[in-house]
1. What are the ³J(HN,Hα) values, in whole Hz, obtained from phi via the Karplus relation 6.51 cos²θ - 1.76 cosθ + 1.60 with θ = phi - 60°, for each residue of region 111-128 in sequence order, with x given for Gly and Pro?
2. Defining a contact as two alpha carbons under 8 Å apart and six or more residues distant in sequence, what relative contact order in percent does the chain show?
3. Let's see if you can work this out: charge +1 on each Lys and Arg Cβ, -1 on each Asp and Glu Cβ, no other charges. What is the dipole magnitude of region 185-374 about its Cα centre, in debye to the nearest 20?
4. By how many degrees, between 0 and 90 and to the nearest 10, does the Cα long axis of helix 299-315 differ from the longest principal axis of the chain?
5. Taking the chain as a Gaussian network, Cα atoms linked when under 10 Å apart, which of 104, 184, 277 shows the biggest mean-square fluctuation?
6. For the chain, what proportion of DSSP beta bridges, expressed in % and rounded to the nearest 5, is antiparallel?
7. Given the options 180, 151, 165, identify the residue whose Cα lies farthest towards the positive end of the charge dipole of region 131-182 (+1 on Cβ of Lys, Arg; -1 on Cβ of Asp, Glu).
8. Choose one answer from 316, 105, 143: the residue with the largest mean-square fluctuation in a GNM of the chain with alpha-carbon springs under 10 Å.
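What follows draws every value from the coordinates through simple rules; no lab data is involved. Quick caveat: nothing in here was measured; it's all calculated off a predicted structure. No Cβ is skipped: glycine too gets one built from the backbone with ideal geometry, and neighbour counts run over all protein chains shown.
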Amino acid sequence: MTTYDGSLPLHHFLKQFFKQHPQMGSRDRRWVSQLAYAFYRLGHLWKNEMPARDRLLLGLFLCETQANEILALLKPEWNEKAALPLPEKLAAISLNGQAPAPADIFPFTDELSEGIDAAAFARSFFVQPRLFIRVRKHKQEAITALLQQAGINGEWLANDMLALPNGTNIETVIQQKDWYEIQDASSQQTGMLLQPEPGQRWWDACAASGGKSLLLMDKEPRVALTVSDVRVSILQNLHERFATAGIKNYETKALDLTQPVPASSLAPGSFDGIILDAPCTGSGTWGRSPEHLYFFDPEKITAFSSVQKRIADNVIPLLKRGGTLVYITCSAFKQENEMVVEHICGHNGLQRREGGIIAGYNNGADTMFAVRMVK
């Protein structure tokens with residue numbers, strides 16, 4: 001693990017690594033990937049006290065749900081316990097007589113938002129998150145039939161929310177791409193705070209590839225939609241995604257919202273609703289990218305919080321009096337969540353209505369934060 005420094009997403013690094021080692025077969029690549037992710041899923045657990053080789057095996061033991069050949073060869077006493085529930089496996093390990101605590105895995109527990117169970121959140125890093133789709137166009141029965149034909153078991157969590165095993169190649173099973181959107185369960189739940197009405201004007205201010213906008217338009221296609229992002233390249237991804245979903249009537253702006261919005265671009269007081277899915281640490285999604293936990297610099301929490309407040313201050317003047325602001329992050333940190341909402345209400349005269357933490361860690365989903373406020 002000494003050649004990886006976290007500057008690239010782990011899956012990109014592994015792809016480059018395998019290209020440099022073409023002699024590795026598919027079985028070898030699978031094991032290397034599995035061991036690498038297991039290593040980083042340990043978070044900070046005994047990070048500086050345990051040799052890398054031992055941490056690789058420990059990660060494999062905690063992440064696996066059944067016996068496997070590597071543990072059978074190198075740690076047979078752990079292999080015999082591999083199928084035990086995770087809490088029992090955690091209780092079975094120690095270092096110098098000390099059992100692991102949540103803060104050993106996730107050392108930023110004091111920074112967590114109110115309502116997050118620190119122990120459950122820390123344990124979630126050892127479980128591969130599931131794949132979630134949001135079903136569109138009332139295609140539940142058709143999608144269920146296709147999954148049954150492919151021998152794939154899914155779990156319906158809501159009328160339009162389906163959980164699937166991670167790694168499901170959904171594109172080959174459901175070839176009609178406008179029937180569904182790949183979207184995390186917690187991200188889908190933020191849509192409950194979106195309450196658009198026909199003819200209203202809405203702005204998805206940090207739209208990225210447009211997932212929240214699609215939620216909005218599927219709830220009420222008769223809104224006038226504006227989307228913006230600072231990254232022109234990701235707006236191109238949005239255009240492609242909207243085209244697949246059949247969304248045509250919208251306008252796009254490339255805007256740096258850390259700066260005041262020019263009136264020539266968007267007029268003050270012109271929106272009935274604003275979605276502010278703010279840039280953040282992404283700590284609620286680290287179960288999908290555990291390398292971020294391993295390499296995380298906690299000073300970034302304050303830095304992101306400052307940016308979020310600045311962006312909020314710049315977008316709120318464009319909201320009509322009586323209009324709705326939905327503030328969203330995929331962070332688990334209170335500085336990026338509750339403290340930003342307090343700033344918005346205290347400095348911009350908005351009133352908090354509903355929302356809070358969406359705790360996905362017990363459901364194989366991301367943890368998010370979403371609050372609806374009114375001006």
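1. Ordered by residue, 3J(HN,Hα) equals 8, 5, 5, 4, x, 7, 7, 4, 5, 5, 5, 5, 5, 5, 5, 8, 10, 5 Hz.
2. Once normalised by length, the contact order is 16 percent.
3. 400 debye
4. The helix 299-315 is inclined about 20 degrees to the chain.
5. Comparing 104, 184, 277 in a Gaussian network model of the chain, the most mobile one is 104.
6. 60 percent
7. Projecting each Cα onto the dipole axis, the largest value belongs to 180.
8. Maximum among the listed residues: 143.
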